[in-house]
Amino acid sequence: MPQSLSCVLVHLVFSTKDRAPFLKDVGLRTECHAYLGGVSKKLECPPHIVGGTEDHVHLLCRLGRTVTQAEWVKELKRVTSVWIKQRDPALLDFAWQNGYGVYSVSASNADKVRAYISGQEDHHRKRTFQDEYRAFLRKHGMEWDERYVWD
């Protein structure tokens, strides 16, 4: 086959440092989601949707063929952290948590994940980020140590 093709959908989740509500302002949050999507696209990981709340983000993207997950996430966090601090000097303490979660998504389940991400505001009126993340870990059969998941 002369052409290399890839369709690996991933659901990325990460929080602000200590889940601080840095993205409480809806305008900033909307801009941040758009910026994350733009950065991801430049890294050849086109976003299907970006969403989240005041203390965390979700991205559903097609993982590019030439970038590793770790490189992609590191660059997303680095670039958006710089952007947020430059955009609003009151947010000089802004930081993303060190860790992240990336979960595979089948093409047949992409619409369900898209709907889940778009409904984050309503979803988190009933469930905390920590409870949500624990559910993700259980759903995907992951083992974790509470001492190292939260920062």
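Annotations for the structure displayed:
- Which listed residue, of GLY51, GLY38, is of a type in the set (Gly, Ala, Ser), part of a strand (DSSP E or B) and modelled with pLDDT of 95 or more: GLY51
- Of all residues in the range 108-143 being closer than 10 Å to HIS58 by Cβ and among the aliphatic types (A, V, I, L, M), the one that is nearest to the chain's Cα centre (by Cα): ILE117
- For SER104, the conditions (1) in a strand (DSSP E or B); (2) free of Cβ contacts under 8 Å to residues at least 24 places away in the same chain; (3) of a type in the set (S, T, N, Q) all hold with the exception of (2).
- Residue pairs meeting the criteria (Cβ under 8 Å; at least 6 apart or on separate chains; first closer than 15 Å to LEU12 by Cβ, in the range 114-136; second aromatic (Phe, Trp, Tyr) and surrounded by 13 or more Cβ atoms within 10 Å (Cβ to Cβ)): PHE136/TYR103
- Among residues of the range 76-87 being surrounded by fewer than 19 Cβ atoms within 10 Å (Cβ to Cβ) and touching a helix residue (DSSP H, G or I) at 6+ places or on another chain (Cβ under 7 Å), the one that is nearest to LEU43 (Cα to Cα) is VAL79.
- Some residue of the range 18-35 being of a type in the set (Val, Ile, Thr), in contact (Cβ under 8 Å) with a residue 12 or more places away in the chain and closer than 21 Å to LYS85 by Cα: no
- Of all residues in the range 69-91, none satisfies being outside any helix (DSSP H, G or I) and either hydroxyl-bearing (Ser, Thr, Tyr) or modelled with pLDDT of 95 or more (or both).
- A search for C-beta distances below 6 Å between a residue of the range 48-63 that is under 19 Å from SER108 (Cα atoms) and any residue that is of a type in the set (Ser, Thr, Tyr), counting only pairs 6+ apart in sequence or on different chains, returns CYS61/SER40.
The values are calculated or read from the model by the stated rules, or taken from the named source; none is laboratory data. It should be emphasised that the depicted structure is a prediction, and the values quoted were computed from it without experimental measurement. Ideal geometry is used to build each Cβ from the backbone, glycine not excepted, and the neighbour counts take in all protein chains shown.
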